[in-house]
Amino acid sequence: MPTVSVKRDLLFQSLGQTYTDEEFDELCFEFGLELDEITSERDIISREQGDQKAEGASDVILYKIDVPANRYDLLCLEGLVRGLQVFKEKKEAPRYKRVSPVNGEPQRLIITEETASVRPHAVAAVLRNISFTPERYESFIELQEKLHQNVCRKRTLVAIGTHDLDTVSGPFTYTAKAPEEIRFRPLNQSQEYTATQLMSLYKTDSHLRHYLHIIEDEPLYPVIFDSNGIVLSMPPIINGDHTKISVNTRNVFIECTATDLTKAKIVLDMVVTMFSEYCEEPFTVEEAEVVYPDGKMVIYPELAYRKETLSADFINNKVGISESAESIAQLLTRMCLKSEVTGDDGQIEVEIPPTRSDVIHACDIMEDAAMAYGFNNIAMTTPRTYTVANQLPLNKLTELLRIDIAAAGFTEALTFALCSQEDIADKLGKNITETRAVHISNPKTAEFQVARTTLLSGLLKTLAANRKMPLPLKLFEISDVVLQDESSDVGARNNRRLCAVYYNKTPGFEVIHGLLDRIMQLLEVRQGRKNGYYIQATEDSTFFPGRCAEIFAHGRSVGRLGVLHPDVISGFELTMPCSALEIDVEHFL
């Protein structure tokens, strides 16, 4: 859940009412939010960097409020205040309007075909005659950052650019050029750089370096410039310093470039609806024209309202309440979903504003009705059906085996489910193509490249990390491995295995064999070739030649045991002989 930090006094001033901390916490709960922390800038710096760094920091009280990840309209002070005031029925939800320019033609953003290979979509709008204060300006910037981290997925889906419209002249062109052809002065810099130089410059920047990977390997970089060739931005990295907005900015040109057009529309709607209340004509947004490479022209922002119809019975049954259609319509209106009863059969028509992109299905509307009614006000009832919880048979068998194997003197280990290709292949004397391993498409480290296909490598790494412990070392693990399986709908399946190792100055094959006999005794499997279990000599590259056996139970191979090959021992940086056992537990269910 994203966390929004707001100044307590400014919040209360905007709400027109003062609350105690407990009262505001309760209000947040009623509205579906959570007051996570009450702190200050000084406390935050002191906690993270020490008291010396905190000297001179502000003591203004901050409320840190946890907001649902899909409620983009609550990611800033303006949206939070608006939502709470409508919820408390102090104000009605505003009506957002898209208007044409009073003088002249709408601003135009022209997209060229070169952008198709890197960021093909763009939307735009204008906030005309807006009045910023330091607090409003700070909130404006903060909202963009919150959106970038949330719905924009760290700018990979959408990047927001805001510009002082009075410093440039349209029409604007959104295109893509070779990095060495792009040259401009980036935000808060004193000199011009080429795009190639900027990539090197921001490699060490604590904030921007996280976004460089989005375009740095592309042959062309996206860029937006005006009719005079002035660069507005190089999305998704940095805006130009020439169009930098400030507290004194009166007209803001907003552009969003994207790889996902739907997300771009949502982001643009959020920015303009949250701050259009500061325009000379509140809650109005000046339209802009976007021209696509094929000549198609679309007007943004959409600010689309849509209507959904659902019955009062549906909400009553799902929530567990008995409210009239009129009462439910009032509850939904308090959640910024303007609603009215449309007939005698309890049908409710709900208008969904552009700020509520989280409302997709009827169940989302039902959830808002439940929230406005108050979860604590819903009567607790006994479910009409009951179920008896029971442990999965496989897990029950696993737990029983754990207890008895530990009683036999083995120590349980819990190892990583992911490992390197080398751990399950080269070090065990096998070919990676024969292991049926599931590979991670974008591993962050060489240690976690594949899902394990055997428990043995994890236990051997555990032995290596504890080889200074007194001998003998006796370890076991009962966990899942992951194997490719074309018959599965996801292409892979989990398989529960039991693995044990014995590490000492002598191989101790008899110890591992004795453990196998004990396990079979616990599983009530008798010795015998027909209906029991037996072992049969086999060859396996992981084990020493002539010291490996295959385990059969009920006529089927269920695992192997034996003395590990010296190459395997040295591969895991061990120095003593080791014997091991690994069997398939699921066969015995």
Note to self: Once ligands and nucleic acids are excluded and a 1.4 Å probe is used, how much of Tyr72 is accessible, expressed in Å² to the nearest 10?
What the structure shows: 40
Note to self: Tell me the relative contact order for the range 188-343 as a rounded percent, counting alpha carbon contacts under 8 Å between residues six or more apart.
What the structure shows: 8
Notebook entry, point to check: At a Förster radius of 51 Å, what calculated FRET efficiency corresponds to the Cβ-Cβ distance of Arg436 and Glu145, to the nearest 0.05?
Noted result: 0.70
Note to self: Which of the three applies to the range 379-527, rounded, prolate or oblate, going by the alpha-carbon gyration tensor with a ≥ b ≥ c and a/c under 1.5 meaning rounded?
What the structure shows: oblate
Next item on the list: With all protein chains present, calculate the accessible area of Met576 using a 1.4 Å probe and round the result to the nearest 10 Å².
Entry: 60
Margin query: With θ taken as phi - 60° and the coefficients 6.51, -1.76 and 1.60, list the Karplus ³J(HN,Hα) couplings across the range 160-165 in order, rounded to whole Hz; mark glycine and proline as x.
Written below: 9, x, 10, 9, 6, 5
Check: For the charge dipole of the range 158-275, defined by +1 on Lys and Arg C-beta atoms and -1 on Asp and Glu C-beta atoms about the Cα centroid, which residue among Leu208, Gln197, Val271 has the Cα displaced farthest towards the positive pole?
Finding: Val271
Notebook entry, point to check: Once the whole set of protein chains is in place, how much accessible area is left on Arg95, using a 1.4 Å probe, in Å² to the nearest 10?
Noted result: 130
Item checked: the range 423-484, accessible surface, carbon-and-sulfur percent (1.4 angstrom probe) -> 52
Notebook entry, point to check: Rounded if a/c is under 1.5, else prolate if a/b beats b/c, else oblate: with a ≥ b ≥ c from the C-alpha gyration tensor eigenvalues square-rooted, which is the range 532-589?
Noted result: prolate
Note to self: Suppose every Lys and Arg Cβ carries +1 and every Asp and Glu Cβ carries -1, with no other charges. What dipole size does the range 1-144 come out with about its Cα centre, to the nearest 20 debye?
What the structure shows: 1020
Item checked: Global geometry of the chain, whether rounded, prolate or oblate, following the gyration tensor of its Cα atoms and the 1.5 cut on a/c -> prolate
Note to self: I want to check the label-to-label distance for Leu10 and Arg108. Put each point 7 Å from Cα in the C-beta direction and report it in nm to one decimal.
What the structure shows: 3.9
Item checked: Rounded to the nearest 20 debye, dipole of the range 303-368 from Cβ charges on Lys, Arg, Asp, Glu -> 260
Check: Considering only Val438, Tyr305, Gly562, whose Cα is most displaced toward the positive end of the charge dipole of the chain, charges sitting on Cβ of Lys, Arg (+1) and Asp, Glu (-1)?
Finding: Gly562
Item checked: Net charge contributed by nearby residues that have their C-beta within less than 13 Å of Ala464 (K/R +1, D/E -1) -> +2
Item checked: Listed residues Phe29, Phe416, Phe12 arranged by accessible area, highest first, probe 1.4 Å -> Phe416, Phe29, Phe12
Next item on the list: Mind giving me the nanometre distance, one decimal, between the label points for Glu181 and Ala362, set 7 Å out from Cα along Cα→Cβ?
Entry: 5.4
Notebook entry, point to check: Label Leu414 and Glu135 with points 7 Å out from Cα along Cα→Cβ: what is the distance between them in nm?
Noted result: 4.8
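The values are calculated or read from the model by the stated rules, or taken from the named source; none is laboratory data. Every value quoted in this text rests on a predicted model; they were computed, and no experiment measured them. Quick reminder, even Gly has a Cβ in these numbers, built from the backbone with ideal geometry, and neighbours come from all protein chains shown. What goes into the accessible areas is simple: the full protein's heavy atoms, side chains included, and nothing from ligands, DNA or RNA. Shrake-Rupley method; radii C 1.70, N 1.55, O 1.52, S 1.80 Å.
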